[in-house]
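S.K.: After the structure tokens below, expect a handful of questions from me.
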């Protein structure tokens with residue numbers, strides 16, 4: 001396998017840190033910028049929303065730009081966005097910086113995936129793409145607890161300066177070690193949107209959207225939840241995030257195993273149903289911290305266990321547009337994060353408490369279950385008007 005894939009994976013790790021790291025340090029950001037926790041939580045919302053829109057749009061707009069040059073430009077913008085966050089004096093400036101970093105992050109990760117498929121042999125492609133996703137998922141595991149630790153020692157702004165330094169190193173490595181990439185044909189945006197006309201496909205994407213929306217109703221405000229429920233200090237909050245993150249990474253393996261063992265359809269239904277039950281149970285576990293930690297492991301594992309079976313289901317449903325569906329499903333995931341964190345923030349602002357967010361999130365997960373069942377019961381595309389025709 002081409003060793004340059006490891007550089008791309010390291011780069012996705014660096015840029016992946018910026019999205020969720022805010023969740024662990026929300027109180028610090030809110031206090032420093034004189035906004036409420038619910039308002040600070042919208043930094044997660046806006047990032048996810050801009051990411052979802054930017055991924056397909058920017059790739060289409062920049063279709064004729066040489067890939068290595070575009071990759072370096074995206075990394076430069078990402079670095080500048082993080083430096084802007086470091087120097088920001090107001091919440092509005094931080095929000096603008098989040099928009100800039102969201103757009104560049106979306107482009108860097110999509111380009112990492114497309115470049116990887118071009119520089120490795122077909123027999124190593126799946127393994128190479130797996131490394132890229134490991135880079136992203138590892139940033140979720142390490143990022144939040146690392147961000148909390150750095151914030152306690154040096155302040156929350158230093159977190160983004162550190163991310164900017166990491167992306168600068170990545171930019172240097174890409175410039176020196178990655179060969180130029182020829183421009184390849186990119187599926188037009190209107191073709192991508194047209195593929196959603198089939199209800200079997202669109203309801204599958206809605207499954208991802210509602211699943212992540214339900215998850216982020218609480219996860220976006222996990223730090224205030226831990227403080228309200230258990231009055232934990234920053235060290236214990238970091239430990240909780242680390243436990244959750246490790247469980248989340250293992251969830252991908254669990255979802256893949258279930259899909260291989262039972263089939264994609266059954267795996268999707270089992271994961272979503274169990275996840276809804278776990279979310280409903282969270283408010284009742286705060287009577288004992290060890291019990292809550294056990295449920296947190298289940299919550300973390302199930303939160304990302306849906307991805308492998310659903311991705312496999314999309315490929316099986318319409319192999320001819322599978323590349324498009326992977327991109328659109330990533331967008332649906334980010335929109336779900338945006339909706340969940342936004343609605344969670346609104347409820348938090350209205351009630352002044354995060355204790356009921358898990359229950360509301362479970363309702364959204366049940367919506368995901370309804371979408372999944374609807375999609376699974378639809379006739380195969382071969383019996384309808386195929387989206388690819």
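S.K.: In the set 108, 144, 136, which member is surrounded by 21 or more Cβ atoms within 10 Å (Cβ to Cβ), touching a helix residue (DSSP H, G or I) at 6+ places or on another chain (Cβ under 9 Å) and modelled with pLDDT under 90? Break it down into steps so the answer makes sense when it comes.
M.R.: Details: 108 fails: modelled with pLDDT under 90; 136 fails: surrounded by 21 or more Cβ atoms within 10 Å (Cβ to Cβ).
Going through 108, 144, 136 in turn, the sole match is 144.
S.K.: Just to be sure I understand the filter: pairs with C-beta atoms under 6 Å, separated by 6 or more residues or on different chains, first member in segment 7-21 and on the phi > 0 side of the Ramachandran plot and not assigned by TED's automatic domain parsing to the domain that holds residue 133, second member crowded, with 24+ Cβ neighbours inside 10 Å and in a helix (DSSP H, G or I). Which pairs pass?
M.R.: So the pair list comes out empty.
S.K.: If the Cβ limit is 6 Å and pairs must be 6+ apart or interchain, which residue in segment 145-166 that is without any contact (Cβ under 8 Å) to a residue 40 or more places away in the chain pairs with which residue that is buried (at least 17 other Cβ atoms within 10 Å of the Cβ)?
M.R.: Note: pairs meeting the criteria are 150/159.
S.K.: Restricting to segment 170-188, and then to whatever is surrounded by 14 or more Cβ atoms within 10 Å (Cβ to Cβ) and either in a helix (DSSP H, G or I) or at pLDDT 90 or above (or both), can you tell me which residue is nearest to the chain's Cα centre (by Cα)?
M.R.: For segment 170-188, the residue satisfying everything is 170.
S.K.: Let me ask another. Working only within segment 305-317, note down all residues that are under 14 Å from the mean Cα position of the chain (by Cα) and either modelled with pLDDT of 85 or more or crowded, with 24+ Cβ neighbours inside 10 Å (or both).
M.R.: If the condition is that a residue be under 14 Å from the mean Cα position of the chain (by Cα) and either modelled with pLDDT of 85 or more or crowded, with 24+ Cβ neighbours inside 10 Å (or both), then 305, 306 are the ones that fit.
S.K.: For residue 140, state whether it is more than 30 Å from residue 251 (Cβ to Cβ) and assigned to a helix (DSSP H, G or I). Full working, then the answer.
M.R.: Numbers: more than 30 Å from residue 251 (Cβ to Cβ): no; assigned to a helix (DSSP H, G or I): yes.
No: the conditions fail for residue 140.
S.K.: Turning to a different aspect of this structure: May I ask you to say which residue of 85, 79, 116, 101 is under 19 Å from residue 59 (Cβ atoms), in contact with a helix residue (DSSP H, G or I) (Cβ under 6 Å, 6 or more places away or on another chain), surrounded by 17 or more Cβ atoms within 10 Å (Cβ to Cβ) and at pLDDT 95 or above? Before you say what the answer is, go through the steps one by one.
M.R.: Working: 85 fails: under 19 Å from residue 59 (Cβ atoms); 79 fails: under 19 Å from residue 59 (Cβ atoms); 116 fails: at pLDDT 95 or above.
Just one listed residue meets the conditions, 101.
S.K.: Okay, moving on. Which of the following residues is in the same structural domain as residue 300 (by TED's automatic domain parsing), assigned to a helix (DSSP H, G or I) and within 30 Å of residue 56 (Cα to Cα): 225, 275? So that I can check it myself, show each step before the final result.
M.R.: On the way: 225 fails: within 30 Å of residue 56 (Cα to Cα).
Within the list 225, 275, the selection yields 275.
S.K.: Within segment 202-234, take every residue that is without any contact (Cβ under 8 Å) to a residue 12 or more places away in the chain and over 20 Å from residue 328 (Cβ atoms) and give me the one that is surrounded by the most Cβ atoms within 10 Å (Cβ to Cβ).
M.R.: Within segment 202-234, the first condition is being without any contact (Cβ under 8 Å) to a residue 12 or more places away in the chain, and the residues that meet it are 202, 231-233.
Filter once more, so that each one left must be over 20 Å from residue 328 (Cβ atoms): 231-233.
Values: 231: 8, 232: 17, 233: 11.
The selected residue is 232.
S.K.: Could I ask something else about it? Working carefully through the options 29, 96, 53, find the one that is assigned to a helix (DSSP H, G or I), surrounded by 18 or more Cβ atoms within 10 Å (Cβ to Cβ) and either under 22 Å from the mean Cα position of the chain (by Cα) or at pLDDT 90 or above (or both). Steps first, please.
M.R.: Working: 96 fails: surrounded by 18 or more Cβ atoms within 10 Å (Cβ to Cβ); 53 fails: surrounded by 18 or more Cβ atoms within 10 Å (Cβ to Cβ).
Going through 29, 96, 53 in turn, the sole match is 29.
S.K.: Of the residues that sit in segment 372-389 and are surrounded by fewer than 21 Cβ atoms within 10 Å (Cβ to Cβ) and modelled with pLDDT of 90 or more, which one is farthest from residue 307 (Cα to Cα)?
M.R.: Here is the first cut: in segment 372-389, the residues surrounded by fewer than 21 Cβ atoms within 10 Å (Cβ to Cβ) are 373-374, 376-386, 388-389.
Then keep just the ones that are modelled with pLDDT of 90 or more; that gives 373-374, 376-377.
On the way: 373: 16, 374: 18, 376: 16, 377: 20 Å.
In this case the residue turns out to be 377.
S.K.: Follow-up question, since we're still on this one. Could you pull out the residue among 238, 250 that is surrounded by fewer than 22 Cβ atoms within 10 Å (Cβ to Cβ), touching a residue at least 60 places away in the same chain (Cβ under 8 Å) and either touching a helix residue (DSSP H, G or I) at 6+ places or on another chain (Cβ under 9 Å) or assigned to a helix (DSSP H, G or I) (or both)?
M.R.: Numbers: 250 fails: touching a residue at least 60 places away in the same chain (Cβ under 8 Å).
From the options 238, 250, the qualifying one is 238.
S.K.: Separate question: If you take the residues of segment 119-130 that are in contact with a helix residue (DSSP H, G or I) (Cβ under 8 Å, 6 or more places away or on another chain) and modelled with pLDDT under 80, which of them is farthest from residue 162 (Cα to Cα)?
M.R.: Taking segment 119-130 first, the residues in contact with a helix residue (DSSP H, G or I) (Cβ under 8 Å, 6 or more places away or on another chain) are 119-120, 125, 128-129.
Now narrow it down to the ones that are modelled with pLDDT under 80: 125, 128-129.
On the way: 125: 31, 128: 27, 129: 26 Å.
The selected residue is 125.
S.K.: Just to be sure before I move on: is residue 89 in contact (Cβ under 8 Å) with a residue 60 or more places away in the chain and either in a helix (DSSP H, G or I) or within 30 Å of residue 156 (Cβ to Cβ) (or both) in the structure I sent?
M.R.: Working: in contact (Cβ under 8 Å) with a residue 60 or more places away in the chain: no; either in a helix (DSSP H, G or I) or within 30 Å of residue 156 (Cβ to Cβ) (or both): yes.
The answer is no for residue 89.
The values are calculated or read from the model by the stated rules, or taken from the named source; none is laboratory data. Note that this is a predicted model, so its numbers are computed, not measured. When we count neighbours, we look across all protein chains shown, and the Cβ atoms used for this are built from the backbone with ideal geometry, even at glycine.
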